[in-house]
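Worksheet: the structure to be examined is printed underneath.
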Amino acid sequence: MDEKLATKLGILADAAKYDVSCASSGAPKRKAGKNGLGATAPSGICHAFTPDGRCVSLLKILLTNYCLFDCAYCINRRSSNVPRARFSVEEVVRLTLEFYKRNYIEGLFLSSGIARSPDRTMEEMMRVAKTLRRVHGFRGYIHLKAIPEASPWLIEEAGRYADRLSINLELASGASLKALAPEKNDRTITEAMGQMHERILEARDERRRFSPAGQSTQVIVGADDVKDAAIIRASARLYDDYALKRVYYSAFSPIPEASLLLPAKAPPLRRENRLYQADWLMRFYGFSADEVAESGEDGMLALDVDPKLAWALKHRERFPVDVNRAEREMLLRVPGLGQRAVERILTSRRHQKLRLPDLARLTAGLKRALPFLVTPDHRPVSLIDRLDLRQRLAEPAQQMSLF
Amino acid sequence: MSRVRIDMKAGADLDGFRRALRIFVRDRVAPDDVVFAAEGVQDLFGAPLAGEAPPVVLPRAVTRLIADVVCHRDHERYGLLYRLVWRILKGERGLLEVASDPLVYRLARMQQEVRRDIHHMHGFLRFRRVVTEGGVTEGETESSGIEEKERFVAYFEPVHFTLAAAAPFFAERFANMAWSILTPDGSLHWDGKKLVEGPPARRDPAAAGDGFEEGWRTYYAATFNPARANPKLMAQHMPRRYWADMPEVAAIPELVSFAPVRVREMIAREAAASPKRAPEKALQKMREGRPKSLQDLNALIAASEPLVSGAVPGATRAVLGEGPLDADIVFVGEQPGDQEDRQGRPFVGPAGQLLDRAMAEAGIDRGSVYLTNAVKHFKFEMRGKRRIHQKPTLSEVKHYRWWLMAELEFLSPRLVVTLGGTAALALSGRQVSVTKMRGRQEFPPFAGFLTVHPSYLLRLPDAEAKASAYCAFVDDLRQVREIAGERLKAA
């Protein structure tokens with residue numbers, strides 16, 4: 001690879017790393033045809049992990065980091081002094097193919113600053129996807145970050161080639177958006193999401209290809225003073241209204257050339273982690289947004305215990321739960337029992353009465369679950385009423401260490 | 001009964017195990033009386049097995065478990081599997097569902113380890129491009145067929161005997177590349193058609209790097225956020241045993257050791273006051289990106305590809321609207337037909353000619369009105385040699401609506417005449433019944449008039465109905481002329 005291309009790659013990958021989504025799952029199953037290259041894996045594949053512990057699944061880059069907008073939280077804003085670069089359509093295509101052939105990546109995640117005009121930028125992104133599919137028979141994963149201000153036909157066309165289109169909400173409240181992203185408009189963003197949702201449904205009805213892996217979005221946490229409860233409720237609305245596949249939460253991290261409007265401090269990683277846990281409770285554990293939101297104090301999720309444990313501690317009257325008798329819904333609410341453990345309990349107990357040694361083989365979270373469970377050889381009556389239960393189960397209450 | 005010993009082939013000997021299992025089941029040999037000797041593990045006594053026995057019927061989940069667990073490196077794997085099968089055949093049909101059973105638990109763990117190993121190979125294996133005869137220069141990409149000018153070679157050390165189980169993934173994915181995977185237990189080579197087994201291999205210490213490895217390291221380093229450094233989590237996901245063959249890990253030590261410094265610098269540095277330019281300018285620029293004239297818009301439409309659903313073939317080109325830009329009346333049809341697509345002009349086919357005649361009778365000069373379609377591309381079904389028009393779907397109409405509305409805004413006519421239900425749908429955004437709503441309409445912000453599409457007149461079967469429908473259509477056009485005239489006077 002020549003040096004100029006490598007330099008651009010460095011700049012435009014650096015600029016894209018604040019977008020946390022790297023999922024390559026949910027695409028329709030595909031194999032490389034006779035002359036094609038690439039396939040999709042049902043659950044996605046991580047090809048590497050960086051020292052921040054995050055997965056590298058896709059080549060995640062910007063087409064360009066020149067931008068007309070001046071959003072305070074974004075390193076690529078108009079007024080930042082970062083070095084700028086711009087890929088040509090052909091360069092992105094070539095990088096994707098060469099990296100893919102070496103098994104470095106599952107596909108491409110392409111985002112972009114808005115250079116010249118939203119349409120111009122969206123069109124080039126669409127052309128990257130189209131060239132990969134049409135000219136090179138590429139059948140790997142493609143995720144395009146749609147530009148909400150771009151014309152509908154460009155987004156429509158992009159959806160024919162991409163597996164997933166997404167639009168970033170970035171800030172959970174319209175007020176924050178106004179303060180930190182003066183040129184952006186929360187209505188434009190939610191309207192674009194609504195249109196995207198409608199298109200996805202229509203295409204499914206007509207058996208036409210349009211963003212088959214659905215849409216996702218990202219919310220930045222900690223750049224403004226929006227509370228967790230508001231974020232959780234906003235996410236629940238997004239899941240309900242637009243059937244989003246995922247809402248990603250990104251702890252705001254200090255960026256070089258930061259704006260004066262922003263907090264210069266370590267990213268609230270634990271808060272981010274709690275929001276992901278809360279999100280899981282809503283999507284897979286049958287919790288409502290209100291239940292999750294109210295498990296904390298003052299609209300903020302507890303940092304010392306996870307939201308499921310926090311909810312259980314506030315609802316001690318509903319525990320302990322009999323492992324051999326309780327329904328799935330209630331087992332799912334026991335701290336320490338994951339979805340898979342619950343399924344295993346349900347099938348195993350059809351064949352035998354479960355005792356503690358059996359449970360130990362069914363879940364790795366038994367220690368945490370003990371105060372909330374009853375088995376023939378275990379009854380935690382005194383434990384559940386202990387006043388210091390929270391302290392005994394909590395992690396040390398401090399910000400996760402950076403190093 | 002004396003103990004039976006069976007020698008298994010090195011590696012994952014699924015066939016050998018299946019054969020032994022069938023014989024043991026037939027002969028009712030208890031698990032305690034069997035010794036599976038794998039990987040040179042020698043036991044004391046026993047005789048080799050002879051002959052074949054009939055297949056054993058097992059639940060699908062069990063056969064899947066067996067196929068996975070034979071790949072495990074644990075010497076006891078065959079013995080444990082036989083124990084499981086024995087119990088299942090002795091009456092515990094649902095044994096696999098009892099995840100809390102110690103044997104099931106252990107086998108499930110082994111299965112999980114094998115699957116994880118396969119998954120790791122899928123993810124962490126790295127190919128290097130090797131130029132073979134004919135010599136290709138770096139960076140050239142040939143994606144048509146394999147003429148063995150280049151081969152992609154990887155060395156990988158799996159934890160278990162998983163090479164064969166992991167290979168189909170690579171064959172599906174890199175179908176049109178020539179590639180080889182080398183492991184200490186054996187190797188596999190793909191030439192675009194079939195997989196060929198080869199002998200065990202060692203890592204070639206002299207293997208040349210690949211021109212893209214440096215670029216990949218650059219990417220890997222750039223995508224790391226020092227403010228979130230968490231090397232422990234990384235090591236948990238990406239076990240160190242694979243690192244030796246992954247080019248990017250060379251960047252790790254530096255990334256980790258400089259992360260604290262980079263973050264401290266970022267936090268300490270005074271935020272640079274931004275050389276603010278007015279946001280209005282940026283927004284203005286954005287607005288300028290929209291088409292500024294009908295000509296610009298038409299250029300966009302002409303450059304776009306037809307949107308077609310499913311297997312229906314689409315047009316050769318977009319058919320744009322036609323007529324004077326200051327026309328008082330705009331006629332909106334459904335979509336271009338066969339003739340329109342060939343000539344690239346609206347309303348030139350049989351329906352267009354009928355419209356011409358009716359307009360002339362109603363006293364409307366075709367040259368003074370603007371004619372366009374709700375959908376800009378022809379969509380058809382081949383019937384013999386003829387291209388038969390296909391009705392556009394609801395979402396296609398919606399897709400083109402943005403263009404139609406933009407077109408009408410540039411024209412700002414006094415009256416928009418929709419010919420048929422599809423055109424009315426495009427303007428109103430909802431399904432419209434032509435028979436019920438025929439006549440004056442409001443299509444905000446435009447004043448409108450809804451009538452039939454001339455092709456409807458062509459399709460009527462009997463002559464009498466045709467004649468009266470035609471008269472009604474001409475009447476409608478007369479009304480259109482009057483309304484447009486009134487609005488002209490009023491303005």
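The values are calculated or read from the model by the stated rules, or taken from the named source; none is laboratory data. Predicted, not measured: the structure shown is a model, and the values here were computed from it. A quick note on method: Cβ atoms are made from the backbone with ideal geometry, for glycine too, and the neighbour counts reach across all protein chains shown. For accessibility, only protein heavy atoms count, side chains too; no ligands or nucleic acids. Shrake-Rupley method; radii C 1.70, N 1.55, O 1.52, S 1.80 Å.
Considering the conditions (1) at pLDDT below 95; (2) within 8 Å of chain A (Cβ to nearest Cβ), residue B:250 is excluded by exactly one of them, (2).
Taking residue A:70 as the residue in question, decide whether it is out of contact with any Asp or Glu (no Cβ under 8 Å at 6 or more places or on another chain) and either more than 8 Å from chain B (Cβ to nearest Cβ) or closer than 29 Å to residue B:300 by Cβ (or both). Judged against the criteria, residue A:70 is not a match. Taking each residue of the stretch B:31-46 that is over 9 Å from residue B:75 (Cβ atoms) and looking for partners that are of a type in the set (Phe, Trp, Tyr) and at pLDDT 85 or above with beta-carbon atoms closer than 7 Å, six or more apart or interchain, yields B:31/B:82; B:31/B:86; B:34/B:24; B:34/B:82. Just one of the listed residues (A:50, A:64, A:96) is out of contact with any Asp or Glu (no Cβ under 9 Å at 6 or more places or on another chain) and open to solvent by less than 10 Å² (accessible area, probe 1.4 Å), namely A:96. Got a number for residues in the stretch B:214-247 being more than 15 Å from residue A:16 (Cβ to Cβ), within 9 Å of chain A (Cβ to nearest Cβ) and not in a helix (DSSP H, G or I)? Result for the stretch B:214-247: 4.
Residues that are modelled with pLDDT under 85 and open to solvent by 30 Å² or more (accessible area, probe 1.4 Å) within the stretch B:253-264 comprise just one, B:264.
For the subset of the stretch A:169-187 comprising residues that are within 11 Å of chain B (Cβ to nearest Cβ) and within 13 Å of residue A:149 (Cα to Cα), which member is least open to solvent (accessible area, probe 1.4 Å)? If we take residues in the stretch A:169-187 being within 11 Å of chain B (Cβ to nearest Cβ) and within 13 Å of residue A:149 (Cα to Cα), then A:183 is least open to solvent (accessible area, probe 1.4 Å). Picking from residues in the stretch A:201-213 that are surrounded by fewer than 21 Cβ atoms within 10 Å (Cβ to Cβ) and more than 10 Å from every other protein chain (Cβ to nearest Cβ), the one that is farthest from residue A:141 (Cα to Cα) is A:204. Quick one: is residue A:130 over 26 Å from the mean Cα position of the chain (by Cα) and among the basic types (Lys, Arg)? Taking the combined requirement at face value, the residue does not satisfy it. Total residues in the stretch B:348-397 satisfying the condition of being surrounded by 13 or more Cβ atoms within 10 Å (Cβ to Cβ), in contact (Cβ under 8 Å) with a residue 12 or more places away in the chain and more than 38 Å from the chain's Cα centre (by Cα): the figure is 15.
Taking the stretch B:60-96 as the region of interest, how many residues are farther than 17 Å from residue B:110 by Cβ, open to solvent by 40 Å² or more (accessible area, probe 1.4 Å) and of a type outside the set (A, V, I, L, M, F, W, C)? Selection size over the stretch B:60-96: 5.
Inside the stretch A:44-67, can you point out the residues that are facing chain B (nearest Cβ under 9 Å), part of a loop (DSSP other than H, G, I, E, B) and small (Gly, Ala, Ser)? Residues satisfying the conditions are A:53, A:57.
Would the stretch A:105-112 turn up any residue that is surrounded by fewer than 23 Cβ atoms within 10 Å (Cβ to Cβ) and not acidic (Asp, Glu)? Within the stretch A:105-112 (the criterion being surrounded by fewer than 23 Cβ atoms within 10 Å (Cβ to Cβ) and not acidic (Asp, Glu)), the answer is no, since none of the residues qualifies.
The single residue among A:309, A:337 that is assigned to a loop (DSSP other than H, G, I, E, B) and within 31 Å of the chain's Cα centre (by Cα) turns out to be A:337. Here the stretch A:104-124 is the region considered, the condition is being under 15 Å from residue A:166 (Cα atoms) and in a loop (DSSP other than H, G, I, E, B), and the residue that is nearest to the chain's Cα centre (by Cα) is A:112.
Scanning the stretch B:87-120 for residues that are without any contact (Cβ under 8 Å) to a residue 60 or more places away in the chain and assigned to a helix (DSSP H, G or I) yields a total of 23. Pairs linking a residue in the stretch A:253-278 that is facing chain B (nearest Cβ under 7 Å) to a residue that is open to solvent by less than 40 Å² (accessible area, probe 1.4 Å) and hydroxyl-bearing (Ser, Thr, Tyr), with Cβ atoms under 7 Å and 6 or more positions apart or on different chains, are A:257/A:80; A:267/A:253. On the given criteria, is residue A:33 in contact (Cβ under 8 Å) with a residue 40 or more places away in the chain, in contact with a strand residue (DSSP E or B) (Cβ under 9 Å, 6 or more places away or on another chain) and in a loop (DSSP other than H, G, I, E, B)? When the stated conditions are applied, residue A:33 does not pass them. Considering the stretch B:182-200, and only residues there that are within 30 Å of residue A:55 (Cα to Cα) and in contact (Cβ under 8 Å) with a residue 40 or more places away in the chain, the residue that is surrounded by the most Cβ atoms within 10 Å (Cβ to Cβ) turns out to be B:185.
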